[in-house]
Amino acid sequence: MARILIVDDSSVMHAYHRQVLSALPDCRLSFARHGKEALAKIEAEGRPDVIVLDINMPVMDGLEFLRRLRALSIPRSSVIIVSTEGQEDDLRRGLEAGADGYVRKPFKPKELQDLVRRFLGAEGPRAAVTS
C-alpha cells in the first residue's frame with residue numbers, strides 16, 4: 001500500500017486532499033500541520049512514497065522542510081508542492097529545494113491525482129508542473 005503524507009496547516013486543505021486522494025486505490029493518507037511535525041512523523045513512521053506539501057506554514061515552512069528532508073540519509077520520497085505561490089521564482093525555488101512536482105492552487109482534482117499516480121508508478125520521479 002502506498003503512503004502519502006499531506007503537509008499543510010489548513011484543516012480545510014486536509015479535508016480537500018483527503019477527498020481528492022482517497023479516490024486513488026491502495027493509498028494510505030497521513031497528515032501534518034507544518035514541516036517540523038512532518039519530519040517527526042517521518043522519523044516515527046518511516047518514509048512516505050509521496051509528500052504533498054504546502055509552502056506557507058507556521059513553525060517550519062515547506063521549503064525549509066524540503067531542504068531538511070533532502071539532507072536526511074533516507075530513501076527519497078517524491079514531493080509535490082501544492083501552493084498559491086505560483087510565480088516562476090516560486091517554482092524555481094521549490095524545484096531547487098528538491099521538489100519533484102509543483103501544482104498551483106487552485107487546481108483540478110484530476111491534476112493532483114494524475115501527478116501522484118505518476119510518482120507512484122514505475123516511471124519514477126521527474127520534475128513536473130501543472131497549471
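The values are calculated or read from the model by the stated rules, or taken from the named source; none is laboratory data. Since we're looking at a predicted model, the values are computed, not measured. All Cβ positions, glycine included, derive from the backbone under ideal geometry; neighbour counts span all protein chains shown. Protein only, heavy atoms only, side chains kept; ligands, DNA and RNA dropped before computing areas. Shrake-Rupley method; radii C 1.70, N 1.55, O 1.52, S 1.80 Å.
Key figures for this structure:
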{"item": "Some residue of the stretch 108-119 being open to solvent by 20 Å² or more (accessible area, probe 1.4 Å), at pLDDT 85 or above and outside any helix (DSSP H, G or I)", "result": "yes"}
{"item": "Sole exception among (1) modelled with pLDDT of 90 or more; (2) small (Gly, Ala, Ser); (3) surrounded by fewer than 18 Cβ atoms within 10 Å (Cβ to Cβ) for Ser131, by number", "result": "(1)"}
{"item": "Members of the stretch 44-62 found to be farther than 12 Å from Ser30 by Cα and open to solvent by 60 Å² or more (accessible area, probe 1.4 Å), listed by number", "result": "Ala44, Asn56, Pro58, Val59, Asp61"}
{"item": "Which listed residue is modelled with pLDDT of 95 or more and either more than 13 Å from the chain's Cα centre (by Cα) or surrounded by fewer than 17 Cβ atoms within 10 Å (Cβ to Cβ) (or both), from Lys105, Lys41", "result": "Lys41"}
{"item": "Residues of the stretch 5-31 satisfying the condition of being open to solvent by less than 20 Å² (accessible area, probe 1.4 Å) and either modelled with pLDDT under 95 or over 18 Å from Gly94 (Cβ atoms) (or both)", "result": "Val20, Leu21, Leu24"}
{"item": "Scan of the stretch 92-106 for residues that are outside any strand (DSSP E or B) and under 13 Å from Leu53 (Cα atoms), ordered by number", "result": "Gly94, Leu95, Ala97, Gly98, Ala99, Asp100, Lys105"}
{"item": "Any hit, the stretch 84-93, residues being within 13 Å of the chain's Cα centre (by Cα) and either surrounded by fewer than 17 Cβ atoms within 10 Å (Cβ to Cβ) or at pLDDT below 95 (or both)", "result": "no"}
{"item": "Identity of the residue in the stretch 1-26, in a strand (DSSP E or B) and not basic (Lys, Arg), that ends up farthest from Val82 (Cα to Cα)", "result": "Ala2"}
